[in-house]
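What follows is a single structure, written as structure tokens, with notes after it.
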Amino acid sequence: MQQRENAKNPKQALQVRQSSLSAWQIGARTAGPKTVHLKSAQKHEKEKQQSASEQAGSSTQNHLEQALTYFERVKDYIPLRKNEVLQKHLATVESIALQRGLSPEGLNVLLNVALSGHLADTVNSRILKCLIPASVIAESSVVSAVSWLCVGKCSGSTQLLFLRWLIAMFDFIDHKEKLHALYGFFFCSLQDEKLGMQPHLQALLSLYKLFCPELVSITLPAKMKVRNGLILPACSTDTNNPARSKEINHVDILSHSESFPVEQLHTFSQLLQNIHRLEFPSQMGSVLRNSLLLHYINCVKDESIYLRLYYWMGQTLQEECTWYKLDNQQYEEEFKDFLDIVYKTECFLQEGFSSCEEFLYKSLPLWDGFCCRSQILRLVSWIPLSSFSEMKPHLCEPLAQLFFTSSLYFKVIQVLLSFCLTLLCILKLMSCVNVVCFSDCCSRNTTLSGLLNSVAELIHFVGWISTVALRLENNATFLMYFILDFYETVCDVYLKYNLPLLVMPPPGVFYPALLSMDSVSLNQLCYIMYRYRTNLVAAKENELIKKTILQFKFSSQTYQEYNQYIMAMVGCLWTSSAFQKDIHPQGIRLDPEVLKKTRVQEVRSSFNIVHHPALMGYAILFLQQAWPEDKTLNFNLIKGRRWNWYLEYLYMQGLQGLKLFIESSINRVSQPCYILILTSP
Amino acid sequence: MDTPDSGGKTPLGRKTAETGINFTSSTRFSRGLTFIRTHTLFGQSPTRRIIPQTSLLQENADSQKIAFLLRKQWTLYSVTPMYKFSYDNLKEYSRLLSAFVATEKQKGLAVEVGNDLGIKVTLSTFLGLKGTDQDQIAILVQIASRSQLPFENAEDKVVWSGWFCCISGDDLLESVPEDFTCLSLFLANGAESYTAIVGSWFQKTFDCYFSRLTISPLNLAWMAAMWTGCKVDSHIAATELVFSVPCIPQSLDISYAIHPEDAKALWDTVQKTPGEVTQEEVNLFMDCLYSHFHRHFKIHLSATRLVKVSTSIASAHCDGNIKILHSKHLIGVLMLLTELAISQIQ
């Protein structure tokens, strides 16, 4: 029993021996000339064996010796049928091998006879199957066995069984140096149809290939995938499809060069050197993890590549989508990883996949807004720009639904998302406008304006959801901050991206920001209005000097909208004429009669820079510093020269947006001051 | 990123001619996919279906093979177009697939004890199984285990079968380049482990994708209506609808069987144009059945989930299992299933 265990694990066997043999013997065994000491160690082993089971052992040992001698002497073909001697010896060897395993010498004898072709195939097969080592297998036995294969005396099935035995017993071979030299022989046998198809051999080779890829030039099939799942296919060339191998051969003949298997592609320079003879992987999905191949497909014009990728990705996304599954916990991480890979690939290629776009269109209406959130939102940003009428039902409406039914935090995220989306659209448009030359642009006028309209509509859409969200959340400052952040980008599109696009914020955003309790929001709004002005002025100048590249103009309505806002702002903050000067239809203009009824004193000045609820704190601090002895907090003291001091004080407190706004929009040289409104050119 | 093939244009924009945005020529990953988008309704099913009048099999159909398909439980799969599949190489494919199946089955056995598994895989064409002439030829895959009996002519035993077909799949076919073979519907009968092995071989070799094709309650209702309306001369069976009520701990099934003649009579009063079925008619037909059931049992079947439909023509389960009973209506049934398979892969 102990022997059987030893046979299973050579290391264990060694330990057992170490305890029974003296230390110098072991040292000599591993360091000195191998075969001699191995045999001596083996003899010790045998002695130990015999002493352990003296009586029963001696008789079976004799039988085994006899059997081995019999097999050693076989020099000619011996049939199995009616050969009782052979059958008896065979049975002895089998039973002893199964009980305690065989010695290296025994294995040597049996291997020789099994591969010599002197015995019938059934006998060979039985012998090979019982070649269980008690300790180790001598390397010399394996080498001589391989030489038997070269002679070709034994049948294919016996050769095959031997190879399987070899792979299974590989760890039991005492030394492998000489065996390594024989790998050429094993590679050759791969060409053999019958031997080559063996998974065991191929498994061995792929392991070898892992360490010495330059030595294994044969392409091995990729690891097999039974379950459809999120295992990306391995990057390998197909050896299975005759239709494709034929095609490759054909190319070979023409170009006099071999195709270059993708498994060997590791560096960019390799890609450049072999780009003319690169084989595609058998499963296109595998390119997702291989940036070199992504470079390659980027410059290959072959529709089938995209179609293969399209179908594979579309199905994978659909099949693995977590919110279609009942117990989604265990798959969510996998799915997240996959979405990340898809997203990274899209960034790498600078283009969205249409299969991914379709997946989002299909599945967003069913999304809970939580599962794989950051992955999904990032992928949304890669949806190719198309007409708003197409985007709206598939993309904007499902997102808006989620937006209105979720927490404040999520709304912020959503605004950010829309922001990203718009920004991306803008960037794409920008690259488009820059590259498409002028004449081209004229002929495609409709197309470009269509794109611009889509972006404008998207911005209007964000304006709309922002309005609703601010109302639902009671103008929460945090939300307002992100919304205004969005408009900081929107207001600068003309100058920053050179696009004739200017969309004003809706009144539902503008007025809550203007009348906000928070100075950060007000300051942000001032900055935004200043940038709108700068953009409009630049556009106007460009149009006047005909420098404009594009044939687009801002409509006079844009200027009008801007002017309405600016008048309301200056009326509130500067001229103390809030509720009077506002001419916006949705503005805060109120009838003087109504105002009177409120009985609020000094209604008209209640939103100027002194009394504005967002700035009143500064006014108090200013008063306290300027007149520390005056405890009455008389705001009316801030006028004339002091008004200017107060303004400087505000600027020093970091309200730079306010500064830029006041300096650009109000002419303070003459009295009374003027609001600098803009006329359309 | 600069692309040499974009001819100075950007990788921006895409498809959809109808909206005036037309940068199609410069896209890569959306290139050539315009057609797909125009046909895609994002998973919605059509509101009108035609019942094929010439639903007879083509003349060259092998009646023995056809009979083999009938009265067996098939599990449905959708398959994306196969890349570089060639009908000329079926023998070679058979050989490779045999080796692959044997390899997969022996995986994990170091020195295999006992005989070879004796497995043989055959791929063969299935002539005559077409809806239109453009349809690609159906393919039958069979795994047989070699007889262990000692006689010379002992027949191999088929342990697993599967077949690919695409009946009236013109829409898909027109949109796919020549390198691809559209056999979008796959039906398997036998151990699932074999289905997995065969499926993974096809996926590896032809870069296609197999997905289970389940049938929604809506489509089951369509089947119930369409099949009820078909004329059958022999082997008349009751029309049976199975509904599932989600209960805890075990779900409750309600089986609703109707005499086929009664069902047909009801359908005839509902259907307006012969040879054509609309969503409205299907809804009306089901509503009639529901109200009848409610009158007797006071159960609203519309609140439950339709999971199975059996008629004299065929039976279908929502899990994606089907049994076809009549060769006369084989093409019609397969046409509907092909349509569902194509809508799943697009």
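Of note:
- Meets criteria (touching a residue at least 12 places away in the same chain (Cβ under 8 Å), facing chain B (nearest Cβ under 10 Å) and among the acidic types (Asp, Glu)) for residue A:351: yes
- Yes/no for residue A:110 being buried (at least 21 other Cβ atoms within 10 Å of the Cβ), more than 14 Å from chain B (Cβ to nearest Cβ) and either charged (D, E, K, R) or in a helix (DSSP H, G or I) (or both): yes
- Odd one out for residue B:168 among (1) within 11 Å of chain A (Cβ to nearest Cβ); (2) over 27 Å from residue B:118 (Cβ atoms); (3) touching a residue at least 12 places away in the same chain (Cβ under 8 Å): (1)
- Subset of the range A:300-348 (residues that are β-branched (Val, Ile, Thr) and either more than 14 Å from chain B (Cβ to nearest Cβ) or in a helix (DSSP H, G or I) (or both)): A:305, A:316, A:322, A:341, A:342, A:345
- Some residue of the range A:134-157 being within 13 Å of chain B (Cβ to nearest Cβ), buried (at least 21 other Cβ atoms within 10 Å of the Cβ) and either among the aromatic types (Phe, Trp, Tyr) or in contact with a Leu (Cβ under 8 Å, 6 or more places away or on another chain) (or both): no
- All of B:316, B:341 fail the test of being in contact (Cβ under 8 Å) with a residue 40 or more places away in the chain, among the aliphatic types (A, V, I, L, M) and within 14 Å of chain A (Cβ to nearest Cβ), apart from B:341.
- Residue match in the range B:322-333 (condition: in a helix (DSSP H, G or I), in contact (Cβ under 8 Å) with a residue 24 or more places away in the chain and of a type in the set (Ser, Thr, Tyr)): yes
- Exactly one residue out of B:309, B:242 is surrounded by 13 or more Cβ atoms within 10 Å (Cβ to Cβ), touching a helix residue (DSSP H, G or I) at 6+ places or on another chain (Cβ under 7 Å) and outside any helix (DSSP H, G or I), and it is B:309.
- Any hit, the range B:203-211, residues being surrounded by fewer than 24 Cβ atoms within 10 Å (Cβ to Cβ), facing another protein chain (nearest Cβ under 10 Å) and under 17 Å from residue B:339 (Cβ atoms): yes
- Residue A:296 vs. criteria more than 11 Å from chain B (Cβ to nearest Cβ) and at pLDDT 85 or above: yes
- Considering the range A:360-374, the residues that are of a type outside the set (A, V, I, L, M, F, W, C) and touching a residue at least 40 places away in the same chain (Cβ under 8 Å) include one that is farthest from residue A:350 (Cα to Cα), namely A:368.
- Count of residues meeting criterion [part of a loop (DSSP other than H, G, I, E, B) and in contact (Cβ under 8 Å) with a residue 60 or more places away in the chain] in the range B:203-232: 10
- Exactly one residue among A:182, A:115, A:119, A:161 is within 17 Å of residue A:80 (Cβ to Cβ) and within 47 Å of the chain's Cα centre (by Cα), and that residue is A:161.
- If only residues of the range B:178-202 that are part of a loop (DSSP other than H, G, I, E, B) and facing chain A (nearest Cβ under 10 Å) are counted, the one that is surrounded by the fewest Cβ atoms within 10 Å (Cβ to Cβ) is B:178.
- Qualifying positions in the range A:375-389 - more than 14 Å from chain B (Cβ to nearest Cβ) and modelled with pLDDT under 80: A:381
- Flag if residue A:287 is within 20 Å of residue B:207 (Cβ to Cβ) and over 17 Å from the mean Cα position of the chain (by Cα): no
- Qualifying residue in the range B:50-64 (condition: modelled with pLDDT under 90, more than 24 Å from residue B:118 (Cβ to Cβ) and part of a helix (DSSP H, G or I)): yes
- Residue A:283 within 12 Å of chain B (Cβ to nearest Cβ), under 28 Å from residue B:184 (Cβ atoms) and touching a strand residue (DSSP E or B) at 6+ places or on another chain (Cβ under 8 Å): no
- Where helices (runs of 4 or more DSSP H) fall wholly inside the range A:584-681, the ranges with 2 or more residues that are of a type outside the set (Lys, Arg) and under 55 Å from the mean Cα position of the chain (by Cα) are A:616-626, A:641-652, A:656-665.
- Residue within the range A:406-425 that is aromatic (Phe, Trp, Tyr), under 28 Å from residue A:325 (Cβ atoms) and modelled with pLDDT under 80 present: yes
- Every residue from the range A:155-176 that is hydrophobic (A, V, I, L, M, F, W, C) and either in contact with an Asp or Glu (Cβ under 8 Å, 6 or more places away or on another chain) or part of a helix (DSSP H, G or I) (or both): A:160, A:161, A:162, A:163, A:165, A:166, A:167, A:168, A:170, A:172, A:173
- The set of residues in the range A:250-274 being modelled with pLDDT of 85 or more, part of a helix (DSSP H, G or I) and loosely packed, with under 15 Cβ neighbours inside 10 Å consists of A:268, A:269, A:270, A:272, A:273.
- Unmet requirement for residue B:67, which otherwise passes all of (1) surrounded by 14 or more Cβ atoms within 10 Å (Cβ to Cβ); (2) modelled with pLDDT of 70 or more; (3) hydrophobic (A, V, I, L, M, F, W, C): (1)
- Test result for residue B:241, away from chain A (no Cβ under 14 Å), aliphatic (A, V, I, L, M) and under 21 Å from residue B:70 (Cα atoms): yes
Rundown of residues vs (1) loosely packed, with under 15 Cβ neighbours inside 10 Å; (2) free of Cβ contacts under 8 Å to residues at least 24 places away in the same chain; (3) in contact with a Cys (Cβ under 8 Å, 6 or more places away or on another chain); (4) among the aliphatic types (A, V, I, L, M), yes/no style:
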| residue | (1), (2), (3), (4) |
| --- | --- |
| A:278 | no, yes, no, yes |
| A:286 | no, no, yes, no |
| A:293 | no, no, yes, yes |
| A:305 | no, no, no, yes |
| A:322 | no, no, yes, no |
| A:325 | yes, yes, no, no |
| A:334 | yes, no, no, no |
| A:338 | no, no, no, no |
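The values are calculated or read from the model by the stated rules, or taken from the named source; none is laboratory data. Remember, it's a predicted structure, so these values are computed and weren't measured experimentally. A quick note on method: Cβ atoms are made from the backbone with ideal geometry, for glycine too, and the neighbour counts reach across all protein chains shown.
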